[in-house]
1. Quick test of your reading of the structure: residue 155 fulfils all but one of (1) at pLDDT 80 or above; (2) touching a helix residue (DSSP H, G or I) at 6+ places or on another chain (Cβ under 7 Å); (3) closer than 19 Å to residue 249 by Cα. Name the failing condition by number.
2. Among the helices (runs of 4 or more DSSP H) contained in the range 156-267, which hold 3 or more residues that are closer than 21 Å to residue 325 by Cβ and touching a strand residue (DSSP E or B) at 6+ places or on another chain (Cβ under 8 Å)?
3. What pairs come out if I take residues in the range 287-305 that are on the phi > 0 side of the Ramachandran plot and modelled with pLDDT of 85 or more and pair them with residues that are assigned to a loop (DSSP other than H, G, I, E, B) and exposed (fewer than 11 other Cβ atoms within 10 Å of the Cβ) whose C-beta lies under 7 Å away, six or more apart or interchain?
4. How many residues are surrounded by 16 or more Cβ atoms within 10 Å (Cβ to Cβ) and not in a helix (DSSP H, G or I) if we restrict to the range 65-84?
5. Looking at residue 290, is it loosely packed, with under 13 Cβ neighbours inside 10 Å, in a loop (DSSP other than H, G, I, E, B) and in contact with a strand residue (DSSP E or B) (Cβ under 9 Å, 6 or more places away or on another chain)?
6. Output the number of residues of the range 85-105 satisfying the condition of being exposed (fewer than 14 other Cβ atoms within 10 Å of the Cβ), part of a helix (DSSP H, G or I) and more than 38 Å from the chain's Cα centre (by Cα).
7. Do we have residue 328 as modelled with pLDDT of 90 or more, touching a strand residue (DSSP E or B) at 6+ places or on another chain (Cβ under 7 Å), surrounded by 20 or more Cβ atoms within 10 Å (Cβ to Cβ) and not in a loop (DSSP other than H, G, I, E, B) here?
């Protein structure tokens, strides 16, 4: 039974007795003389005033004072004092319930603030660490690129001097490929350390995707891998940096090809959904382990023995700089599917989350 209901049941009989007593008093006073009646009414009025005053004092002590304290405590909480608490929480009635709920709410706010401060401190420390690594990576990239260019030049000179049918020409071809591979790694490091802002322009997304697919097909000429593309009809022009989106899509295509051990297929489809232009890259490779999925967009995380772990991290950053998002689904033994979403002009979008 609610406590207020119990209190009302206790008060109502007393009020009923008081009302009956008042009626009896009025009936009795009718038999008095005028002077007696005047004196009795004066005494009754004084008694009524005293009773009302007692009731008001009681209400002020039981309800008014806690409400004033609650209001003052709310002001303290609003000003940032999350150690504030009301003192009437130990009462065993609805007012006490209100006090306990309020104190619990403030405690949860205090714990949430402490957790946010802890996470903010961790993120700031991580950001400073990554900034230092970025500066170090940029310096190393420049230092390595200079001798690398010299090596590439020497390899070209040696290649021109070698006889046409010399077996060393095959070795030089491999050296050139490795030099290009190192150069790509350095480019990714520089892009991670010193990212360039996108150069936005209205462009045909189908054409951007088609260009990336054409280069990927050249890479797949010596492999039993088919690359298929489906364009989107009537897709409006999309605001994007064609070079950066081309880089993202080519990275996804090459990753898909590398995940296929034998015969397989990489499918690319352009479409639109909920105010976004979409590009889906799906492969029939070996897929991604479930425990690795949450980490694939982290810098330097890779499951490849020869990978740098920078490609997907760069891809995510580029897509988010475009106001879009990138998502992945995968099943081991069946393949992976990456979906890039870029906002269409004039469409209302929900906030993008990582």
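The values are calculated or read from the model by the stated rules, or taken from the named source; none is laboratory data. As the structure is a computational prediction, the values presented were derived from the model and not from experiment. We place every Cβ from the backbone using ideal geometry, glycine too, and count neighbours over all the protein chains shown.
1. (3)
2. Filter on the range 156-267 gives 205-219, 242-258.
3. Qualifying pairs under 7 Å: 287/333.
4. 2
5. Numbers: loosely packed, with under 13 Cβ neighbours inside 10 Å: yes; in a loop (DSSP other than H, G, I, E, B): yes; in contact with a strand residue (DSSP E or B) (Cβ under 9 Å, 6 or more places away or on another chain): yes.
Here the answer is yes, as residue 290 does meet what is asked.
6. Within the range 85-105, residues that are exposed (fewer than 14 other Cβ atoms within 10 Å of the Cβ), part of a helix (DSSP H, G or I) and more than 38 Å from the chain's Cα centre (by Cα) number 2.
7. no
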